[in-house]
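The values are calculated or read from the model by the stated rules, or taken from the named source; none is laboratory data. Values in this document were obtained by computation on a predicted structure and should not be read as measured data. Cβ coordinates were reconstructed from backbone atoms using ideal geometry, including for glycine residues, and neighbour counts include every protein chain displayed.
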Ligand code: SF4
Ligand code: SF4
């Protein structure tokens, strides 16, 4: 029997709660993310890392405000850089690790109220593959 779950919308509907913009170990930014965001906010990309990033290992992550939220989060407006938010934020929750480890989906769903739990593995992998193909590299 075909699964009732066919597309990303069947298993994920963001509730705009903002929880994923608070903590979560950091939002990694690529060089392309830095260029995109800098252009959007009219900021010098060469100064972006020192102004808006912390380091996590060898990678750059968006810094957080005193309230723990991402520096680009606003309680009223949510993500203030939504059109150019980092790849990591655009991809959520259709991330590579779930294809490799589908059991991670339910664990992630514990902290994201937009994710439905207990999706059959085949449907989950099929949907993730479709949704990831829609994302820009
Ligand atoms: S935690 Fe999930 S539901 Fe809440 S804003 Fe983030 S993606 Fe949306
Ligand atoms: S860039 Fe936007 S979506 Fe990503 S963590 Fe920051 S506020 Fe949230």
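If a residue must be farther than 16 Å from residue 74 by Cα, more than 12 Å from ligand 2 (Cβ to nearest atom) and not in a helix (DSSP H, G or I), how many such residues does segment 6-30 contain?
Selection size over segment 6-30: 5.
Restrict the check to segment 36-49 and report whether at least one residue is in contact with a strand residue (DSSP E or B) (Cβ under 6 Å, 6 or more places away or on another chain), in a loop (DSSP other than H, G, I, E, B) and without any contact (Cβ under 8 Å) to a residue 40 or more places away in the chain.
Among the residues of segment 36-49, not one is in contact with a strand residue (DSSP E or B) (Cβ under 6 Å, 6 or more places away or on another chain), in a loop (DSSP other than H, G, I, E, B) and without any contact (Cβ under 8 Å) to a residue 40 or more places away in the chain, which makes the answer no.
Suppose we filter 67, 33, 54 for residues that are surrounded by fewer than 15 Cβ atoms within 10 Å (Cβ to Cβ) and either assigned to a loop (DSSP other than H, G, I, E, B) or modelled with pLDDT of 95 or more (or both); which single one remains?
67
Within segment 71-85, which residues are more than 11 Å from ligand 1 (Cβ to nearest atom) and either under 22 Å from residue 49 (Cβ atoms) or assigned to a strand (DSSP E or B) (or both)?
71, 72, 74, 80, 81, 82, 83, 84, 85
Any residue in segment 99-125 that's under 19 Å from residue 15 (Cα atoms) and free of Cβ contacts under 8 Å to residues at least 24 places away in the same chain: show its pairings with residues that are away from ligand 1 (no atom under 14 Å from the Cβ) and assigned to a loop (DSSP other than H, G, I, E, B) at Cβ separation under 8 Å, as long as the two are six or more apart or on different chains.
Short answer, once both residue conditions are applied: 105/119; 106/118.
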